[in-house]
There are 4 protein chains.
Amino acid sequence: MLTSDARGVYLIAATPFRETGELDLDGLDRLIDWYLGKGVDGLTILGQLGEAPKLTHGEALTVARRVLARVRAPVVVGVSSPGYASLVELTRAVMEAGAAGVMIAPPGTLRGDDAILAYCREVAERIGEAVPWVLQDFPLAGGPPMSASLVRRIADACPNMVVLKHEDWPGLDKITAIRRQEAEGARRLSILCGHGGIMLPHELFRGADGAMTGFSYPEMLVGVCRLAREGRHEEMLDLYDAYLPLVRYEQQPGLGLAVRKYVLWKRGALPTPALRAPAPKLSAETRAEVDWLLARLERRLGG
Amino acid sequence: MLTSDARGVYLIAATPFRETGELDLDGLDRLIDWYLGKGVDGLTILGQLGEAPKLTHGEALTVARRVLARVRAPVVVGVSSPGYASLVELTRAVMEAGAAGVMIAPPGTLRGDDAILAYCREVAERIGEAVPWVLQDFPLAGGPPMSASLVRRIADACPNMVVLKHEDWPGLDKITAIRRQEAEGARRLSILCGHGGIMLPHELFRGADGAMTGFSYPEMLVGVCRLAREGRHEEMLDLYDAYLPLVRYEQQPGLGLAVRKYVLWKRGALPTPALRAPAPKLSAETRAEVDWLLARLERRLGG
Amino acid sequence: MLTSDARGVYLIAATPFRETGELDLDGLDRLIDWYLGKGVDGLTILGQLGEAPKLTHGEALTVARRVLARVRAPVVVGVSSPGYASLVELTRAVMEAGAAGVMIAPPGTLRGDDAILAYCREVAERIGEAVPWVLQDFPLAGGPPMSASLVRRIADACPNMVVLKHEDWPGLDKITAIRRQEAEGARRLSILCGHGGIMLPHELFRGADGAMTGFSYPEMLVGVCRLAREGRHEEMLDLYDAYLPLVRYEQQPGLGLAVRKYVLWKRGALPTPALRAPAPKLSAETRAEVDWLLARLERRLGG
Amino acid sequence: MLTSDARGVYLIAATPFRETGELDLDGLDRLIDWYLGKGVDGLTILGQLGEAPKLTHGEALTVARRVLARVRAPVVVGVSSPGYASLVELTRAVMEAGAAGVMIAPPGTLRGDDAILAYCREVAERIGEAVPWVLQDFPLAGGPPMSASLVRRIADACPNMVVLKHEDWPGLDKITAIRRQEAEGARRLSILCGHGGIMLPHELFRGADGAMTGFSYPEMLVGVCRLAREGRHEEMLDLYDAYLPLVRYEQQPGLGLAVRKYVLWKRGALPTPALRAPAPKLSAETRAEVDWLLARLERRLGG
């Protein structure tokens, strides 16, 4: 079960589709194995980057059960939904199937700290105190703003909220503020960082515990988290900086996931680079640029 | 089948729930009968105000089939979804079950006229030219802005788009502009107006064909549309103005649906005023105010 | 000086321009006299509806001094600005010229309760504790959301914040919550309501002290506030409902101010209906509709 | 005068303030000299990053005249304003003082392509055909979305619009689309890229003409543009990648400008790192991280 000791890389998994748009479950098996082979500590499935909103409820369950049956590492499952009924139903199903916890993003329509807190309290109660959950803080994707003090209030109200998925931007001082609150008595949370990893080394430096994002070279995320833990900060940045041109290219809103799937496909981790429609298409120019960035990366790593 | 000759009231139907949150299908039967008894020309189900986003895919199908099996009047079904696959699947299912057409809202993430047009073209092609559809234009609920000239481009590109659900605000001059375009050669669309009916008489005056909204006194919408058609404009406003205090109270974003269900319950059209969670709750003060408005309305109508 | 005892109508004044776009100071004199002749308790100038963002700093000062020199009733001056320097400079100038207080809207870019509170605290300190101010709460115009509990925190931190300009929507339960807080010990604020008056009678019923908005028939606002104070609630609604069709028409975002100036011009209160560019233009159809609404209003009032 | 042949680096200039918040005009002289010493081709003043919204009209004029009197290189001046009157007044003043052109950002409240086009047409006419202008396309900062086809319509309608300041994100395919339109007959525009330079080398690769942004190492922007022009693309990326960790750190919304001024101050280009309030403050942790990034950069450049 997920606890506030979670650390390392909980990779956000892509969802493989055939060119025709159907789920590719064999491809999913192979992708999951490939991720685990890169040394990740856990997986997060059915997030935005797993194209969860484009799956039917039945497909979501199929994906979750397939992954949970295959994997012994902890798996977090995204269960956000406009209605509590669906959210709770999916939560129960995946927890029974062996999920380590669930991930919930408060809707962007909530207005003000009190409303966000009330939503979290209600959701936490409905899924039940036995289910650990990840609070997703992603204003860039339309989520409501959450200050460090609000995170503390949510943590106080919801003992089963154990991980903060931190994607605020800018957000470094927020991590510092949360850790300072904890030093002064607040309950400790695991902080795992998203947003494509664009600020990862600095987030770790501020006290984050790891990454929860989906970069196409998971081994970089793994290496950076390990070097941070060992206090080898210059080496951490040396490693990270080699990948930064690609991290930055994958961070492009909307387009980024298509770039990521293209890279995963080129690396042999996906049978096709297909996204489920509607989705942006990579132009020939974009593919050429990504090829160029990959060639430079391989050269730099090889050197 | 829905055509561009659609006119009158296509009432947006509420979805009845028990206090525990389950669908109430018997209540649905009775509500539908009640609506039809008020003289509406058609129904629109599974819209935002039908709490569609809080239904599972299976529940949505159940609601649609139940209504379609019961009703001979034309029924439009909301099928908007983040993924084309779900949208097409639901469209096929409800058209087979006898729907008159489907309603689609372009997502608010589309940026610029060309992107909105491309989305509509793609969606129209995927559902197939045999399926007539309603284009929902509702910027207040997060939809992208659509000018009169963009509506024309969409109409040109999508021959099966036959109705514009107009909810732009302000939007009167847009109706005038669309009708003017049509006088100059553009394909004629049916324009049915939403936004709680807050501008309905003026929209009809500008050339709209009717209402597609969910006010708790459908008989007012029916009467206003009839008087507009007969050119009895002063009487139309006399009738409308009596209801305007309540129309305005039901228009409150977020809260309005809870008010509407409370009124429908008081009028005997719903077995409970329950919304599915998460949903705003009516305070004692709000209920007292609605009671007051209803008492005044009954007095004015009775006088 | 403005205090938390402020009540009645603090009318938001329009700013008269010539057809060529220049300020019309003689027209301003006459408009102000006309407002005062309608029985308003005070004025609010240089708000959004006074087209303040389209005035230069010098013009804003000219308008403020002209009005302050002419009027003995309390005048509130809008001083919101992206920079503290301009805000403080304008505040000092208008307070010296005799303003009763200033009005400040926290910028919509503030994220979360703590950031909004910090902004208010900073602003209150910079203008100085001797300057009473109005906190504008207008999410529809892009302001940040402020819950009742946040309003209380701001009131605690800023003793010179004496009036809440309430324009939240829905917002009735917020007024109730603020008054309940005060019953339990919070400092009492004056609550004056904006948003075109679209919910005014209900806001007064919930405990608001008056109106701070700019409807083209100020005598209605004055009458409604008086009847509310006298507890004559049915008469209050009778009066209000006669004007509601026009209130609703003036509430249209963006277009509403042009409608309002057109009505003020027709009533002889403005020498021209001109707005400063960029501004929406009234179509012939819109003017005809407003004429129609005015004719119906006059008939109803005369009957 | 600015033409569609503009290329290279039009650096967005910071505005120096004393710790007390006053303009520092001597500091401005020295900063401008420092920029020119780095080899930039032109300057852009009074942009968002020059904290223009926090200057009074008088201060803005003072800054513009000071820079224009000092510099022979082309200077573009930001003149965006909520009212045409201020925009035109500032435009006239700076053109008389020797500006090469002005920069205008359509307001984010414009809804739909037609409204954006109408705004541009009106603005272009009001400033007069003799004044060349830069169209700022920055949706991230709240501007409206502009597709390649809309840019073409604006270019057709406004012959004096000669430069597109491109800051859309993702935006690479848009540059490609604009260049393709031009190959098919559209009028050629200069495309200068902003957004902190986060995609600069790829934007140049797609056909952009240069940079219009404010990175704290202008020599990098200059070098990258030169190498792109010479077709030395690997060297371009080698140079760029060395700075990317800092580019990425300066790109943080809101905070980035404070980081940039801190770096400029550390490099001796600014007498203080002060921003005018309200502005974010750099925490000790942030300053330490920037110091670390600078040390690594110097080492990498020196190596």
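Given the conditions (1) farther than 30 Å from D:N160 by Cβ; (2) within 13 Å of chain A (Cβ to nearest Cβ); (3) assigned to a helix (DSSP H, G or I), report the number of the one that D:V263 does not fulfil.
D:V263 satisfies all of (1) farther than 30 Å from D:N160 by Cβ; (2) within 13 Å of chain A (Cβ to nearest Cβ); (3) assigned to a helix (DSSP H, G or I) except (2).
Please go through (1) touching a helix residue (DSSP H, G or I) at 6+ places or on another chain (Cβ under 6 Å); (2) within 11 Å of chain D (Cβ to nearest Cβ); (3) not acidic (D, E) for A:Q252 and return the number of the only condition it doesn't satisfy.
So A:Q252 meets the others, but not (1).
Would it be correct to say that C:G231 is open to solvent by 30 Å² or more (accessible area, probe 1.4 Å) and without any contact (Cβ under 8 Å) to a residue 12 or more places away in the chain?
When the stated conditions are applied, C:G231 passes them.
Taking the options A:G254, A:G185, A:G268, name whichever one is over 26 Å from A:G27 (Cα atoms), open to solvent by 10 Å² or more (accessible area, probe 1.4 Å) and not in a helix (DSSP H, G or I).
Matching residue, one of A:G254, A:G185, A:G268: A:G185.
Only one of C:L257, C:L244, C:L239 is of a type in the set (A, V, I, L, M) and more than 23 Å from C:L49 (Cα to Cα); which?
C:L239
In a loop (DSSP other than H, G, I, E, B), out of contact with any His (no Cβ under 6 Å at 6 or more places or on another chain), within 14 Å of chain A (Cβ to nearest Cβ) and open to solvent by less than 30 Å² (accessible area, probe 1.4 Å), is that true of B:P106?
When the stated conditions are applied, B:P106 passes them.
Does D:R66 qualify as being on the phi < 0 side of the Ramachandran plot, out of contact with any Pro (no Cβ under 8 Å at 6 or more places or on another chain) and modelled with pLDDT of 95 or more?
Considered against the rule, which asks whether it is on the phi < 0 side of the Ramachandran plot, out of contact with any Pro (no Cβ under 8 Å at 6 or more places or on another chain) and modelled with pLDDT of 95 or more, D:R66 comes out as yes.
Go through the stretch A:60-106 and count every residue that is within 27 Å of A:A258 (Cα to Cα), touching a strand residue (DSSP E or B) at 6+ places or on another chain (Cβ under 6 Å) and not aliphatic (A, V, I, L, M).
The number of residues fulfilling the criteria is 3.
Return a yes/no flag: does the stretch A:167-187 have any residue that is closer than 23 Å to A:A13 by Cα, away from chain C (no Cβ under 14 Å) and touching a residue at least 60 places away in the same chain (Cβ under 8 Å).
no
In the stretch D:283-303, what residues are in a loop (DSSP other than H, G, I, E, B) and modelled with pLDDT of 95 or more?
D:S283
Does the stretch D:141-148 contain any residue that is among the hydroxyl-bearing types (S, T, Y), in contact (Cβ under 8 Å) with a residue 12 or more places away in the chain and assigned to a helix (DSSP H, G or I)?
For the stretch D:141-148, residues among the hydroxyl-bearing types (S, T, Y), in contact (Cβ under 8 Å) with a residue 12 or more places away in the chain and assigned to a helix (DSSP H, G or I): absent.
How many residues are open to solvent by less than 50 Å² (accessible area, probe 1.4 Å), over 26 Å from C:M161 (Cα atoms) and in contact with a Pro (Cβ under 6 Å, 6 or more places away or on another chain) if we restrict to the stretch C:36-60?
Qualifying residue count for the region: 1.
Can you name every residue in the stretch D:234-243 that is surrounded by fewer than 22 Cβ atoms within 10 Å (Cβ to Cβ) and within 11 Å of chain A (Cβ to nearest Cβ)?
Once the filter is applied, which keeps residues that are surrounded by fewer than 22 Cβ atoms within 10 Å (Cβ to Cβ) and within 11 Å of chain A (Cβ to nearest Cβ), the stretch D:234-243 yields D:E234, D:L237, D:D238, D:D241, D:A242.
Within the stretch D:68-76, does at least one residue satisfy the condition of being within 14 Å of chain C (Cβ to nearest Cβ) and assigned to a loop (DSSP other than H, G, I, E, B)?
Checking the stretch D:68-76: not a single residue is within 14 Å of chain C (Cβ to nearest Cβ) and assigned to a loop (DSSP other than H, G, I, E, B).
Within the stretch D:18-35, can you find the residues that are open to solvent by less than 20 Å² (accessible area, probe 1.4 Å) and either among the hydroxyl-bearing types (S, T, Y) or within 20 Å of D:V134 (Cβ to Cβ) (or both)?
D:I32, D:Y35
Against the conditions (1) closer than 24 Å to C:G196 by Cα; (2) in a loop (DSSP other than H, G, I, E, B); (3) open to solvent by 40 Å² or more (accessible area, probe 1.4 Å); (4) away from chain D (no Cβ under 14 Å), where does C:A6 fall short? Just the number, please.
(3)
Quick test for you: out of C:V77, C:V63, pick the one residue that is under 24 Å from C:V151 (Cα atoms) and open to solvent by less than 40 Å² (accessible area, probe 1.4 Å).
C:V77
Identify, please: which residue in the stretch B:207-228 is open to solvent by 10 Å² or more (accessible area, probe 1.4 Å) and within 14 Å of chain C (Cβ to nearest Cβ) and is, among those, nearest to B:W292 (Cα to Cα)?
So the residue we want is B:A228.
Residue under question is A:P280, and the condition is that it be outside any helix (DSSP H, G or I) and at the interface with chain D (Cβ under 9 Å from one of its Cβ atoms); does it hold?
It is true that A:P280 is outside any helix (DSSP H, G or I) and at the interface with chain D (Cβ under 9 Å from one of its Cβ atoms).
What about A:L117, is it over 21 Å from the mean Cα position of the chain (by Cα), within 13 Å of chain B (Cβ to nearest Cβ) and open to solvent by less than 40 Å² (accessible area, probe 1.4 Å)?
no
Residues of the stretch A:82-103 being open to solvent by 30 Å² or more (accessible area, probe 1.4 Å), within 14 Å of chain B (Cβ to nearest Cβ) and either closer than 15 Å to A:N160 by Cβ or not in a helix (DSSP H, G or I) (or both), which ones?
Scanning the stretch A:82-103 gives A:P82, A:R92.
Inside the stretch C:152-166, can you point out the residues that are touching an Asp or Glu at 6+ places or on another chain (Cβ under 8 Å) and surrounded by 24 or more Cβ atoms within 10 Å (Cβ to Cβ)?
If the condition is that a residue be touching an Asp or Glu at 6+ places or on another chain (Cβ under 8 Å) and surrounded by 24 or more Cβ atoms within 10 Å (Cβ to Cβ), then C:L164, C:K165, C:H166 are the ones that fit.
Only one of these conditions is not met by B:T15: (1) within 13 Å of chain A (Cβ to nearest Cβ); (2) surrounded by fewer than 22 Cβ atoms within 10 Å (Cβ to Cβ); (3) part of a loop (DSSP other than H, G, I, E, B). Which number is it?
(2)
Yes or no, residue by residue, for (1) closer than 30 Å to A:L257 by Cα; (2) at pLDDT 95 or above; (3) touching a Gly at 6+ places or on another chain (Cβ under 9 Å):
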site	(1), (2), (3)
A:A157	no, yes, no
A:K165	yes, yes, yes
A:G185	no, yes, no
A:I198	yes, yes, no
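Could you look through the stretch A:40-67, keep only residues that are part of a loop (DSSP other than H, G, I, E, B) and touching a residue at least 24 places away in the same chain (Cβ under 8 Å), and pick out the one that is nearest to the chain's Cα centre (by Cα)?
Only one residue fits best here, namely A:G47.
Looking only at residues that are within 14 Å of chain C (Cβ to nearest Cβ) and under 22 Å from D:G194 (Cα atoms) in the stretch D:125-141, which one is least open to solvent (accessible area, probe 1.4 Å)?
D:A141
Of the residues that make up the stretch D:201-208, is at least one within 22 Å of A:L140 (Cβ to Cβ), among the aliphatic types (A, V, I, L, M) and modelled with pLDDT of 95 or more?
Taking every residue of the stretch D:201-208 in turn, none turns out to be within 22 Å of A:L140 (Cβ to Cβ), among the aliphatic types (A, V, I, L, M) and modelled with pLDDT of 95 or more.
Of all the residues that make up the stretch C:68-91, how many are touching a Ser or Thr at 6+ places or on another chain (Cβ under 9 Å) and charged (D, E, K, R)?
1
Would you check if B:L275 is buried (at least 20 other Cβ atoms within 10 Å of the Cβ), within 13 Å of chain C (Cβ to nearest Cβ) and touching a residue at least 60 places away in the same chain (Cβ under 8 Å)?
The answer is no for B:L275.
The values are calculated or read from the model by the stated rules, or taken from the named source; none is laboratory data. Values in this document were obtained by computation on a predicted structure and should not be read as measured data. Here the Cβ is made from the backbone with ideal geometry for all residues, glycine too, and neighbour counts use every protein chain on show. To get the accessible areas, we keep the full protein, side chains included, count just its heavy atoms, and leave off ligands, DNA and RNA. Shrake-Rupley method; radii C 1.70, N 1.55, O 1.52, S 1.80 Å.
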